[in-house]
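Trainee: One structure is given below, represented as structure tokens, and several questions about it will come after.
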Amino acid sequence: MATPLEKWVEQQAQLTKPDRIYWCDGSEEEARRLMQVGMEQEKINGKPIFYLLNQEKWPVAYLHRSHPTDVARTEHLTYVCHPDKEIAGPNNNWMHPDEAKKLLTRLSDGCMRGRTMYVLPYMMGHPESPFAKACVQLTDVSYVAVSMRIMTRMGKTVIEKIGNRDDFVKGLHSVGDFDPEKRFIMHFPDEHLVWSVGSGYGGNALLGKKCFSLRIASWLGYQEGWLAEHMVIMGIEDPQGNITYITAAMPSACGKTNLAMMESALPGYKIWTIGDDIAWFHIGDDGRLYAINPEIGFFGVAPGTSMKTNPNMMRTLKGKNFYPTLFTNTGLNVDTNEPWWEGMDDPPGKNMLDWQGNPWTSESGKNAAHPNSRFTVSIYNTPCLSKEFDNPDGVPISAVIFGGRRTKLIPLVVEAFSWEHGVFMGARSGSETTAAAIHKVGVLRRDPMAMLPFCGYNMADYFSHWISMGRKMKNPPKIFTVNWFRTDENGKFIWPGFGENIRVLKWIIDRVHNKVSGRETPIGIVPHINDIERTGIDVPDEKLKTILDVDVKDWKEELEDIKKFFESFGKRFPEELWKEYEKLNRQVP
Ligand code: SAT
Ligand code: MN
């Protein structure tokens, strides 16, 4: 008798018509074989999937060049298909599930012809974790199969775990012919199904990541009483050896990965990494909030990564675990066969190719690496990996941080008065756009909890869920906002950032442990300037005062904008957050 899993695979094969079906076992031997297949047999646009890089300087590293139109997530082609449009909310593109399936069925008919269908059984979360989910993705490209092995716990034991159940998480993925006109990333939350055609890019194609672990998982969390969040998880060890665990949400281009792996500039403090992108939270029996990272890899932005900005990531990228390490759309130094990107420590070589494989010189005025070029690498290479990483229960969280890139107004760090006030701070948070994004530079985009593109249901209900989670906890974490990006009158950053951010984290954990007082302002609690440790950095009193200062007069425009944003969620938007809004608004002259 065929299992539900076998039947499902068979049905998808009848639709997509691959030449072969290959069940992956997740072994190292298999990963090596797939790399070989990607170098010698499979092609994208007539070109190999993988190129071997300099193995002495970059052990187990390979270069991948994507289809030129397939370099980023495509939010406008991403749909959440609840039967009821109201459930999807104003924050999602919506299509009725029946209509969406009709469309996808048409696009998927025969889409794997001439190709191999890889069956990828994987877990999101440690297999022994009560919170882990068993999943199976089908794909027709070795790049995705190998990437999933780096990012998730893939292996045949998952098939045994699924056994005769049919509630496993399903992902059907085909790159099709990469036609952006026929590209769709569709979610069917009630069926635990993601169906994606036309793109091989990370967030569009590695269906365990944003698609399942955020969009669908957030919906499961809403129904079942937990949270799936776009957050780093990290431990901060103090000079006495105590470790305090915190999480942080930040929109892209705020240095989230750098924060998660920070090398502390303060002697005696050390950061232990648990995750850089996704956190699943459950309330423990002790009434505290516990977090796990469901992934086991990093899919990070290469440009800007260097020994200065993220030394631990540079070490991770040179790790020797055979997972392997992939570089996607970086430049290439032809003489040394090494990857290269803008912002790397070493200057470009004499003989360079750009991300598409064309000859490149710095005089061209163009970038060698695509601005969204990426590395995919095992978290087990990380020198600062927390010893709790594989703890199936996760770690207890003492502080939740919401960050953003704001050149004005938002102080360096602020503590919320209460859980509800903290949810208000997360709901109003946002970031100014940078040159790395396609949008206009310097425009403020609100991105609540950095979840706007990833919340798989109506965000008004999501805010209510956050509020109710707070009520269920005996010992909820404290909530903070941070902003490393305030600029002076010359447009220069006032705060040094990077490893120096530990000085702000120190204040946060000192607040958690009641070791330091704070100053109440209408927007929350800020540090007294002398409570931010400043030995070894050049941030004079005057400058620090500016970035910790709160003048409610300056909040008038901001509050008008927040109001418009909150109103866009309509009647379902929770009353509690309007109350927080009004409390602040009343104080503005
Ligand atoms: O692949 S991801 O979606 O995680 C990266 C991105 O944000 O594009
Ligand atoms: Mn992310």
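Rule-based calculations on the coordinates, nothing more; no lab input. All values derive from a computational prediction rather than experimental measurement. Every residue, glycine among them, receives a Cβ derived from its backbone with ideal geometry; neighbour counts consider all protein chains shown.
Trainee: What does the extension gain come out to for residue 55 and residue 443, with contour length at 0.36 nm per residue minus their alpha carbon separation? Don't skip to the answer; put the middle values down first.
Mentor: Values: separation 388, 0.36 × 388 = 139.68 nm, distance 4.24 nm.
Length gained, residue 55 through residue 443: 135.4 nm.
Trainee: Per DSSP helix of 4 or more residues, -39500 (n - 2.57); summed, then divided by the residues of the chain. What does that give at 222 nm, rounded to the nearest 500? If you can, show how the numbers build up before the last one.
Mentor: Numbers: 16 runs with 148 residues, N = 589.
Here the helix-only value at 222 nm equals -7000 deg cm²/dmol.
Trainee: Past the 34 angstrom mark, what percentage of all C-alpha to C-alpha distances in the chain do you count?
Mentor: Values: 69028 of 173166 pairs.
Summing the P(r) of the chain above 34 Å gives 40 percent of all pairs.
Trainee: Something else about it: Take every Cα-Cα distance within the stretch 245-303, group them into 5 Å bins from 0 onward, and report for each bin the whole-number percent of pairs it holds.
Mentor: 4, 16, 23, 23, 16, 13, 5, 1, 0
Trainee: Could I ask something else about it? What pairs in 47/256; 17/318; 515/543; 17/156; 57/350 have C-alpha atoms more than 29 Å from each other? Working shown, then result.
Mentor: On the way: 47/256 33 Å; 17/318 39 Å; 515/543 25 Å; 17/156 23 Å; 57/350 18 Å.
Over 29 Å Cα-Cα: 47/256; 17/318.
Trainee: Also, quick follow-up: Binned at 10 Å from 0, what are the whole-percent values of the Cα-Cα distance distribution for the stretch 394-451, short to long?
Mentor: In whole percents, the pair-distance histogram is 21, 47, 24, 8.
Trainee: On average over all directions, what projected area in square nanometres does the stretch 36-86 have, based on the convex hull of its Cα atoms?
Mentor: Working: hull surface 25.2 nm².
Projected over every direction and averaged, the Cα hull of the stretch 36-86 covers 6.3 nm².
Trainee: Based solely on C-alpha atoms, express the radius of gyration and the Dmax of the stretch 206-340 in angstrom.
Mentor: Computed over the Cα atoms of the stretch 206-340, radius of gyration and Dmax are 16.9, 58 Å.
Trainee: Hey, another quick one. Report the percentage of all Cα-Cα pairs in the stretch 436-580 whose separation exceeds 21 Å, rounded to a whole percent.
Mentor: Working: 6115 of 10440 pairs.
In whole percent, the share of Cα-Cα pairs in the stretch 436-580 beyond 21 Å is 59.
Trainee: Under the rule a/c < 1.5 gives rounded, and otherwise a/b versus b/c splits prolate from oblate, where does the stretch 280-417 land using the Cα gyration tensor? Before the final figure, lay out the partial values.
Mentor: Details: a/c = 3.18, a/b = 1.72, b/c = 1.85.
Oblate shape, in that a/c is at least 1.5 and b/c is the bigger or equal ratio.
Trainee: Provide 167, 277, 179 in ascending order of the number of other Cβ atoms located within 10 Å of each residue's Cβ, fewest first.
Mentor: Working: 167 11, 277 24, 179 15.
Fewest-to-most Cβ neighbours within 10 Å comes out as 167, 179, 277.
Trainee: Then there is this: Karplus couplings for the stretch 226-239 from phi (6.51 cos²θ - 1.76 cosθ + 1.60, θ = phi - 60°), rounded to Hz, Gly and Pro as x?
Mentor: Running phi through 6.51 cos²θ - 1.76 cosθ + 1.60 with θ = phi - 60° gives 9, 10, 10, 10, 8, 9, 7, 10, 8, x, 10, 8, 8, x Hz.
Trainee: Still on this structure, I have one more. Give the order of 505, 584 when sorted by the count of other beta carbons within 10 angstrom, beginning with the fewest.
Mentor: Details: 505 25, 584 19.
So the ranking, lowest neighbour count to highest, is 584, 505.
Trainee: Once the stretch 55-172 is represented by equal point scatterers at the alpha-carbon sites, with solvent omitted, what log10 I(q)/I(0) does the Debye formula produce at q = 0.10, 0.12, 0.22 Å⁻¹?
Mentor: Each listed q maps to, in turn, -0.45, -0.65, -1.32.
Trainee: Would you please give the residues with an amide H less than 5 Å from that of residue 61, counting only those at least 5 places away or on a separate chain, with H modeled from the backbone geometry?
Mentor: The list, which skips near neighbours in sequence, is 53, 325.
Trainee: Rounded to the nearest 0.05, what FRET efficiency is calculated for residue 553 and residue 181 with R0 set to 56 Å and r the Cβ-Cβ distance?
Mentor: Numbers: r = 50 Å, r/R0 = 0.89.
For R0 = 56 Å, the calculated efficiency reads 0.65.
Trainee: Write out the trypsin sites (Lys or Arg not before Pro) in the stretch 350-379 meeting two conditions: DSSP loop, and at most 15 other Cβ atoms within 10 Å of their Cβ.
Mentor: Numbers: sites: 350, 366, 374; in loops: 350, 366.
Loop-located and lightly packed - 350, 366.
Trainee: Can you give the net charge of the other residues whose Cβ lies under 11 Å from the Cβ of residue 152, counting K and R as +1 and D and E as -1?
Mentor: Details: positive: 133, 149, 153, 209; negative: 295.
Neighbourhood net charge equals +3.
Trainee: A further question on this structure: Using θ = phi - 60° and the Karplus curve 6.51 cos²θ - 1.76 cosθ + 1.60, what whole-Hz ³J(HN,Hα) does each residue of the stretch 356-371 get, with Gly and Pro shown as x?
Mentor: Residue by residue, the stretch 356-371 yields 9, x, 8, x, 9, 10, 5, 5, 5, x, 9, 7, 6, 8, 5, x Hz.
Trainee: Let me ask something additional. Along each of its three principal axes, how wide is the spread of alpha-carbon positions in the stretch 1-115, in whole angstrom units, largest first?
Mentor: The Cα atoms of the stretch 1-115 stretch 55, 41, 26 Å along the principal axes, largest first.
Trainee: Could you let me know the centre-to-centre spacing of the stretch 41-75 and the stretch 362-393, using Cα atoms, in angstrom?
Mentor: Computed from Cα coordinates, the inter-centre distance equals 15 Å.
Trainee: Note down, for the stretch 468-528, the three equivalent ellipsoid semi-axes (square root of 5 times each alpha carbon gyration tensor eigenvalue), biggest first, whole angstrom.
Mentor: Ellipsoid half-lengths, sorted descending, are 27, 14, 13 Å.
Trainee: Spelling out what I want: for every residue of the stretch 479-495, take phi, set θ = phi - 60°, compute 6.51 cos²θ - 1.76 cosθ + 1.60 (Karplus), and round to whole Hz; glycine and proline get x.
Mentor: Per residue, the Karplus-derived 3J(HN,Hα) values read 10, 9, 10, 10, 8, 7, 10, 5, 10, 8, 5, 9, x, 8, 4, 7, 8 Hz.
Trainee: Give me, ordered by chain and number, the residues 5 or more places off residue 385 or on other chains with an amide H under 5 Å from its own placed amide H.
Mentor: 273
Trainee: Sticking with this structure for a sec: Just the number, please: percent antiparallel of the DSSP beta bridges in the chain, rounded to the nearest 5. Intermediate values should be presented prior to the final figure.
Mentor: Details: 66 of 98 bridges.
Bridges in the chain are about 65 percent antiparallel.
Trainee: Would you mind computing, in nm to one decimal, how far apart the modelled labels at residue 160 and residue 409 are, each placed 7 Å from Cα along Cα→Cβ?
Mentor: Here the answer is 5.6 nm between the modelled labels.
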